[in-house]
Amino acid sequence: MPRLETDIKLDYKDVLIRPKRSTLKSRSEVQLERTYTFRNAQKSWTGVPIIAANMDTVGTFEMAQALCGTDKHQWIVCIHKHYSMQEWQDFAASSPELLPYVAVSSGSGAEDLKKLQQIIEIVPALSFICLDVANGYSEHFVAAVKQVHSLFPSHVIMAGNVVTGEMVEELILAGADIIKVGIGPGSVCTTRKQTGVGYPQLSAVLECADAAHGLNGHVIADGGCTCPGDVAKAFGAGSDFVMLGGMLAGHDESSGEILELMDGSKVKRFYGMSSTTAMTKHVGGVAEYRASEGKSVTVSYRGPVQHTALEVMGGVRSTCTYTGASKLKELSKRTTFIRVTQQINEIFGKAPNEQEVKQKQKN
């Protein structure tokens, strides 16, 4: 029989973070770096736990060169799975210092896993593997996680996507260290529209983080962030990492050419990896037995990603000062969410991204 859960589930737009007394004098005092020790891989990592998504237009080697490394921002970039072996070799040879901050991405199919093995053989310094499928509830996917963990027991495996605690636990016990949380919240994802399946992202993160931490595992809040405040809410909800796609689209480091519209404005193409655009590009089209679950859009050209990265980190630092958290590690302990009916006063219209304003002034 069908069931109806009557508990209200919430998204980032439904809450604000309550401010608390703080002893911090400046945002510059806030430490965003985290050190995590991973349960299954038995290794540690230190960096800023924000991740560029493994999408064609976001998870690029150029993005890694801008965001990764101890002399950059120490973010992680999940490299999309469509680069060739030669391109991986060239990147590893030219930027070996970035390899601890990049993840090699793969699906769960036999060809995907074969290519994953080949990449790790030619780039053994890689530490992270991102196993990414739309539906992480499949038994086939759990088996793939077990297989990859048995082949590469010292690599940190990110796996998903799921939105409920029991599946988080199953994937951790199968060998994954970091579980990707989110079904349908992304800006170019249409899964909820096409299938009716999903879970409001804030509640998903709260519940999945609780399940993962009980097993000494970790979670990534994947999708749904539209501004630095959403990133802070994800961390406040207990997420260990936050993955960004749309917020990093439209930059110089995003793949694709810059298009100029009739009015002189500049844009770049951004699309979901289950969109018709992506499937036509990589597999020749959408198979007859399925439907597209993504869309293709144009986003304003925003110049170098460096500026957006600083804006995101600056916003999270400010959240920490409002809550009295001197370290990002303390933010979830100091977060109290309040439900709201309105977040922003938009009487003069929606405030544009600061980098969009700067780019328009340049143009």
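The values are calculated or read from the model by the stated rules, or taken from the named source; none is laboratory data. None of the values given here were measured: they were computed from a predicted structure. Glycine gets a Cβ as well: all are built from the backbone with ideal geometry, and neighbour counts include every protein chain shown. All accessible areas refer to the heavy atoms of the entire protein, side chains included, with ligands and DNA or RNA removed. Shrake-Rupley method; radii C 1.70, N 1.55, O 1.52, S 1.80 Å.
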Shape category assigned to the range 36-121 from the gyration tensor of Cα positions, a/c cut at 1.5: oblate
Student exercise, the chain dipole from Lys, Arg, Asp, Glu Cβ charges, in Debye to nearest 20: 1060
From the C-alpha gyration tensor of the range 166-280, square roots of 5λ in Å: 31, 16, 13
Gyration tensor verdict on the range 194-249 (Cα atoms; rounded if a/c is under 1.5, prolate if a/b is larger than b/c, oblate otherwise): oblate
Candidates 298, 341, 321, ranked by Gaussian network fluctuation over the chain, Cα under 10 Å, top entry: 341
Paramagnetic reach from residue 24 (point 7 Å along Cα→Cβ, amide N under 14 Å) across the range 32-60: 32-34
Unit charges on C-beta of K, R, D, E only; dipole of the range 77-156, Debye: 160
Helical segments meeting 15 Å axial Cα length and Kyte-Doolittle 0.0 threshold in the chain (DSSP H): 139-151, 201-213, 305-323
Calculated [θ] (222 nm, deg cm²/dmol) that DSSP helices of n ≥ 4 give over the chain, each run adding -39,500 (n - 2.57): -9500 deg cm²/dmol
Candidates per GluC sites (Glu not before Pro) in the range 20-71, loop by DSSP, up to 15 other Cβ within 10 Å: 33
Inter-label distance for residue 318 and residue 147, nm, one decimal - labels placed 7 Å from Cα along Cα-to-Cβ: 4.7
Positive-end residue, the chain charge dipole about Cα centroid, Cβ charges, pick of 145, 194, 224: 224
Three-way shape label, the range 98-186, alpha-carbon gyration tensor, a/c 1.5: prolate
Length-normalised contact order for the chain - Cα pairs under 8 Å, 6+ apart - percent: 21
Additional length obtainable on full extension of the chain from residue 307 to residue 338, 0.36 nm per residue less Cα span: 8.1 nm
Carbon + sulfur, % of accessible area of the chain - ligands and nucleic acids excluded, 1.4 Å: 50
Full-stretch length increase - residue 35, residue 261 - with 0.36 nm per residue and alpha-carbon distance subtracted: 76.9 nm
Long pairs among 81/180; 114/193; 193/266; 114/146; 9/193; 20/329, criterion Cα-Cα beyond 23 Å: 114/193; 193/266
